[in-house]
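A quick write-up on the structure given underneath.
Every number here is computed from the coordinates shown, using simple stated rules; none is lab data. Keep in mind the model is a prediction, meaning the values are calculated, not measured. All Cβ positions, even for glycine, are placed from backbone atoms using ideal geometry, and neighbour counts span all protein chains on display.
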Amino acid sequence: MSAWETVKLAIVRRKLLANRIPKDSVYPLESWMAIKASTTAKSERELRNIIGKKTHDSITRSEFDEYQLFRFREQLRYVRENSPFYREKFKDGIKPENIRSLNDIDSVPFTYPSDLADEPLTFMAVSRTKTAREFTTTGTTGKRKVIGYTTNDLISKVDIISSALRSVGMKDDNVLHIMFPAVSAWDPSLMLAGACKVAGYGSSTCSSPDIKEQMDIMKEKGATHIIGLPSFIYRVTTLMSSEADLKTLGIRKIISTSEPLSESMRSKLQDAWGCNVLDVWGMTEFGLACAIECDEQNGLHTDEANLFYEIIDPDTGKRVPDGKFGELVITSLTAEATPLIRYRTRDIAAMIAPPCGCGSDFNRKLMKPCGRMDLQFKIGMGYKIYPVLFDEALFKNGNVVDYQMTITKEGFKDVLTFEVESKEQSDDIRDSIIESITSITEIGDGMREDLVDVPRIVFREIGSMEYSAKAKKIIDARES
Ligand SMILES: [Zn+2]
């Protein structure tokens, strides 16, 4: 490393609040949020006048709410001044100073994914020369969204990732093994390796589906934790576990990110590696790392320091209480390059009120998002189906490595054909897969009503189906 890089690294490290988390913190991620609120109160008079000078260990939920409302007002002021999209959208009405309670937020209009896809650059609140990175996403609706990050945005991302890694038990001498397939359109590996470097953790990266290569790198680098795409880790695990006892590698935690993790996949992975598998949820629009599970494995702790979470009824737009499912709406509280206000994520989720069994006592958790609204398909009498349902049913069978399902129509019936990549293929395996699929309520009911046919299974050789990171698990081939 050059002297200049060393200096830059030192500067970034000093900015990380994650490095100020006390060693004896019960739940480091929550301590980090409290530190963020207390340091903001120190430097911002408006917030200080409301909650006073606070040490991080004395911040209450209602004081943290005030921190969020303060940030919300600041973000509104910021977008009105700097983002051409919001300058136009909020030109009459919206007065940031009037946002004093949750109810006041109801008056702020929503932002839709289509707004961002139509004119991504009008959202930018800094000139493009000031963006340090840009991510593009195709999403599921087709058009490309462009999300910019300034250096501060990136540092704030590294900060949350670093706190999250602390929360899963990573210590200074630990090594994170990063497992994303090389076909990924974006490069989470680089971002994560960078975060590890700044946070002072070791990292190793391997994108090869080659089992031996993965094992060798993990052993050579002394990997203690793994992070990656669940379908990819699952694929490698299923193929690896027949070669070696994965428990002997001494992996302490596996972090599953960027794709839904089904419970059957989780338990298979936990059995194979002998450690907990924790789920992460995020979206490109908000910097990917937005929420992470603790060992309770019952909901994901959210980054409330940088993001404001709401659940609304998608039809009425009204906020629903904690515990109720609806559409997840997020507002960035600190973003500089692409701030988003009340962004309708199209994800179905619910919030869980604190406390949590891990010791966290004010952070609101996100109940596992259970499918994207635009990845849902209707079958039979209008039952909604989405990929996670089938992940559960198919991966329960230890032979299944991957699958893809196509919906066609024969007469009045919907026909579900599953192409299944399986280590072994037999009628018994076929029957057990069909049984698991028909035990899904939506499928069973559809069959009883005679509107859904018996699922069809077509076995494929391992490696014959092309692996793709954001694989479209369900293809709707019915004529509309
Ligand atoms: Zn917890």
Qualifying positions in segment 273-296 - surrounded by 21 or more Cβ atoms within 10 Å (Cβ to Cβ) and farther than 23 Å from THR331 by Cα: TRP273, VAL277, LEU278, CYS294
Residue that is surrounded by the fewest Cβ atoms within 10 Å (Cβ to Cβ) [pool: residues in segment 125-140 that are under 23 Å from the mean Cα position of the chain (by Cα) and hydrophobic (A, V, I, L, M, F, W, C)]: ALA132
Filtered residues of segment 290-343 (kept if outside any strand (DSSP E or B), within 18 Å of SER107 (Cβ to Cβ) and hydroxyl-bearing (Ser, Thr, Tyr)): THR316
Selection from segment 287-299 of residues that are farther than 16 Å from LYS36 by Cβ and away from the ligand (no atom under 13 Å from the Cβ): LEU288
Test: THR6 is farther than 30 Å from LEU102 by Cα, away from the ligand (no atom under 16 Å from the Cβ) and part of a helix (DSSP H, G or I): yes
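Tally the residues that are within 14 Å of VAL400 (Cβ to Cβ) and out of contact with any strand residue (DSSP E or B) (no Cβ under 6 Å at 6 or more places or on another chain), restricting the search to segment 414-451. First the steps, then the outcome.
To start, the set of residues in segment 414-451 that are within 14 Å of VAL400 (Cβ to Cβ) comprises 418-426, 428-437.
Narrowing the set further to residues that are out of contact with any strand residue (DSSP E or B) (no Cβ under 6 Å at 6 or more places or on another chain) leaves 423-424, 426, 428-429, 431-432, 434-437.
Selection size over segment 414-451: 11.
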Some residue of segment 365-381 being outside any loop (DSSP other than H, G, I, E, B), touching a Leu at 6+ places or on another chain (Cβ under 6 Å) and hydrophobic (A, V, I, L, M, F, W, C): yes
Residue list for segment 377-402, filter: touching a residue at least 60 places away in the same chain (Cβ under 8 Å) and at positive phi: GLY380
Of all residues in segment 61-75 being in contact with a helix residue (DSSP H, G or I) (Cβ under 6 Å, 6 or more places away or on another chain) and among the hydrophobic types (A, V, I, L, M, F, W, C), the one that is nearest to TRP32 (Cα to Cα): PHE64
Some residue of segment 347-360 being in contact with a helix residue (DSSP H, G or I) (Cβ under 8 Å, 6 or more places away or on another chain), away from the ligand (no atom under 16 Å from the Cβ), of a type in the set (Val, Ile, Thr) and farther than 28 Å from LEU389 by Cα: no
In segment 416-455, the residues that are closer than 20 Å to GLN376 by Cα and part of a strand (DSSP E or B): LEU416, THR417, PHE418, GLU419, VAL452
Answer residue from segment 300-322, given it is surrounded by fewer than 21 Cβ atoms within 10 Å (Cβ to Cβ) and within 16 Å of the ligand (Cβ to nearest atom) and is nearest to the chain's Cα centre (by Cα) among those: TYR309
In segment 108-123, the residues that are in a helix (DSSP H, G or I) and exposed (fewer than 15 other Cβ atoms within 10 Å of the Cβ): SER114, ASP118, LEU121
